[in-house]
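Please treat every number below as a calculation from the coordinates, not as lab data. Computed from a predicted model, the values in this text were never measured in an experiment. Quick reminder, even Gly has a Cβ in these numbers, built from the backbone with ideal geometry, and neighbours come from all protein chains shown.
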Amino acid sequence: MDAPKPFDNYKTDVAHIGKSVLVKGELSGSEDLYLDGEVEGNIQLRDHSLIVGPHGRVRANIQARDVVVHGKVDGNIRGTERVELKKSAVLVGDISTQRIIVEDGAFFKGAVDIQKETSKPEGKREMAMAAAASFSPAASGSATSGTSTSSAQGSVVDKKS
Amino acid sequence: MSSVAHSLFRLFRGAPAAEADVRAEAPRISRRSSGLHEFTRALAGQQELRILDLGMTSPINIGHFTELGHKVYTEDVLSASGDHSMVMATENGKPMYDVPRFLAENLVFEKELFDAVLCWDIPDYMPEAFVKPMVERFHSVMKPGAILLAYFHTRDAGPDAPSYRYHVVGQDMLELHAGARFRLQRVFNNRHIENLFRDFASLKFFLARDNVREVLVVR
């Protein structure tokens, strides 16, 4: 039996935009989306998740509940609950979210604004940061995504204040 | 300005920004920093400050400062300065850099935005042409009274002093992560540093044991 391919599970559970697809304009929906293609314009998923796959190229502002970036994003990301930059991510734009996870090796040029949670009465702010133990050349500022397989995640800090 | 800048710098190498080996599995070194201690003290008790981290993207730094309630801006200007497309031409074997383009594409913020800047040792590794314009840009984007922390190698560090990523892990503790691909371009003595930051209000020097001078600059 063939081993499952990465991200195959997303194809059945969520809407999927393949890597050959180019979308120009406003992209909105009320279901989770896995995006491995190219989008120019605006992405609005409100209470749903967006995963920008490793081939994903986004030139748009993004608003979703959770945003996970493996590919490239040029635009601002507002993730009402969580934003996660994987080690291959290249983001030029600002992040506004309650919880952020950045893997070592991710390239990020912009601002991080942590929003306080409004749903929890005690107002606890949860924030997690992931850091890898090894250096990845993706952080060198190259426009290409980092593909260093040696950049395994080495430590995770999950702090609650 | 160029002639002044030339007099400030002493190049270790003929080819600026020559690439060193990438050390994929470089160890992390803990290091105490008096400059960081002063930097931390200056920010203590304040929230929602705007902090600019100019090193390579550091998840640890983002976590550290956002947890303190600050807004963090991160921009890897050293890598941007090493982009080969920033070299317009070569004259007598020396690269001519596109400084206006560098400034148009990097450190583009509104005036007097930042309360604190982490410059690390970027000026030591950056091509000469960008250093003074970059410091002038710092002056314009920092608020009056804002602070900047920078590190400068002394001559004793030698030309092969490794470049590090700096992760803030405590009030006065850093974790240094070797593996970046830059080579030391020059050393600044105290007078050079004072000239470089002459438009700023004050400078405070801390001499460390590892051939690094730490400088806390107040705008």
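Figures for the structure shown
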read-out: Highest-first arrangement of B:152-164, A:97-109, where packing means the average Cβ count within 10 Å; value: A:97-109, B:152-164
read-out: Residue-count net charge about A:ALA106 - beta-carbon cut-off 10 Å; Lys, Arg +1, Asp, Glu -1; value: -1
read-out: Per-residue average of Cβ from other chains inside 10 Å of A:108-117; value: 6
read-out: Number of partner chain Cβ atoms within 10 Å, mean per residue of B:68-78; value: 5
read-out: Average beta carbon contacts from partner chains per residue of A:91-103, 10 Å cutoff; value: 2
read-out: Relative packing of B:70-80, B:168-178, which averages over residues the other C-beta atoms within 10 Å, highest first; value: B:70-80, B:168-178
read-out: Sequence ranges B:100-108, A:33-41, ranked by mean other-Cβ count within 10 angstrom, highest first; value: A:33-41, B:100-108
read-out: For chain B: relative contact order, % (alpha-carbon pairs under 8 angstrom, 6 or more apart); value: 30
read-out: Amide H within-cut-off set for B:ASP121, under 5 Å, with H built and near neighbours excluded; value: B:TYR151
read-out: Fraction of the pair-distance distribution of chain B above 23 Å, Cα-Cα pairs, percent; value: 44
